[in-house]
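Asks: My questions will all concern the structure given below.
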Amino acid sequence: MLCCCLDVRRFVSSKLPALFAIGLFAGLIGTASVAQAEVQTQTIVYNDGDVVLEGFLAFDTSVRPAGTKADSGKPGVLVVHQWMGLTDYERRRCRQLAELGYIAFALDIYGRGVRPADTGEAAEFSGKYKSDRELYRRRLNLGLEQLRKADNLASDQVAAIGYCFGGTGVIELARSGADVNGIVSFHGGLDSPTPEDGANIKAQILICHGADDPYVPKEDIEATIAEFDANDVDWQMNVYANAVHSFTQPMAGNDNSKGAAYNEKADHRSWDAMRVFFHELFAAKQAE
């Protein structure tokens, strides 16, 4: 197994201020509101030409993220699925985001009803888009357009998160020049096929990576960081010990020797890192 064990001190960027002060984090744990959660969901059908796509929207009108103003629109988060397509996993993440006060939309890259039957098909399906970044970016941006149509969305407060294939996707979304405040990549691919496209990136970037992920070569990580640095991208990277690929996904099992496995500690830590990252993005934006 190819093991990519990284020095955390090397790959956590110094470009952002320290975010994990105890006081700030304690304030976020009880974030948005004491109101009873009333998450509402909708299935959203949209198109890429003749291809029908089917996404999932979740929101809660009774709660707002901490630090945001009650008389303004709510921040939105685009969710990009892993290689099995839009599943109950992404729907659960949307509900979690809605409980925190965000408007969350899980897009559909593959098409309505187009879902891999197994990991072999998943590799085939995801490979189609990884080998055609123009098509991939178009589907990503179409999903972003759907999120922007949501009622009560603050159009200038939008982020995107993605898992595995989707973790690659949110970086591609940023490289496309999409107007988003920030992106979070959870155990995503970190190759840099067109480093010149780093000049298009407007978003701040948080990468959450498993230290022992065998599917992300050290060379890819270094190339992506070089791309970001060459284009003055505001980035940070958290590396989680004893974590391999898919560390946020319980359906991956718990056998690290397979290269993809769930890690409860890394899952919780990365989710909390995302929450602090979003607080920095959106609270600062509303203070302008």
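Asks: List the aspartates and glutamates whose alpha-carbon lies under 17 Å from that of LYS265, not counting same-chain residues fewer than 8 positions away?
Replies: Within reach: ASP212, ASP213, ASP255.
Asks: If Lys and Arg each add +1 and Asp and Glu each add -1, what is the summed charge of the other residues whose beta carbon sits under 13 Å from the beta carbon of GLY101?
Replies: With Lys, Arg at +1 and Asp, Glu at -1, the neighbours total +2.
Asks: Now for a separate question. What does the accessible area per residue of the chain come to in Å², with a 1.4 Å probe and no ligands, DNA or RNA counted?
Replies: The answer is 43 Å² per residue.
Asks: Name the residue, out of ASP179, ASP255, ASP108, whose mean-square fluctuation peaks in a Gaussian network model built on the chain with Cα pairs under 10 Å.
Replies: Highest fluctuation among the options: ASP255.
Asks: Ignoring ligands, DNA and RNA, please state the percent of accessible area on the stretch 173-237 from carbon and sulfur, probe 1.4 Å.
Replies: Answer for the stretch 173-237: carbon and sulfur cover 44 percent of the accessible area.
Asks: Classify the chain from the C-alpha gyration tensor, please: rounded if a/c falls under 1.5, else prolate or oblate depending on whether a/b exceeds b/c.
Replies: Judged from the Cα gyration tensor, the chain comes out rounded (a/c under 1.5).
Asks: Give, as a single signed number, the net charge of other residues whose beta carbon lies under 15 Å from the beta carbon of ASP60, with Lys and Arg counted +1 and Asp and Glu -1.
Replies: +3
Asks: Tell me whether the stretch 29-150 comes out rounded, prolate or oblate; compute the Cα gyration tensor, take square roots of the eigenvalues as a ≥ b ≥ c, and use a/c under 1.5 as the rounded threshold.
Replies: prolate
Asks: I've got another one for you. Please compute the contact order of the chain in relative form: average sequence separation of alpha-carbon pairs under 8 Å and at least six residues apart, divided by the residue count, as a percent.
Replies: 19
Asks: Please work out the Cα center distance from the stretch 198-226 to the stretch 170-185, rounded to the nearest Å.
Replies: 13
The values are calculated or read from the model by the stated rules, or taken from the named source; none is laboratory data. Bear in mind that the values here come from a model prediction, so they are computed numbers and not experimental data. Because the Cβ atoms are built from the backbone with ideal geometry, glycine has one as well, and the counts that use them run over all protein chains shown. SASA here: full protein model, heavy atoms, side chains in, ligands and nucleic acids out. Shrake-Rupley method; radii C 1.70, N 1.55, O 1.52, S 1.80 Å.
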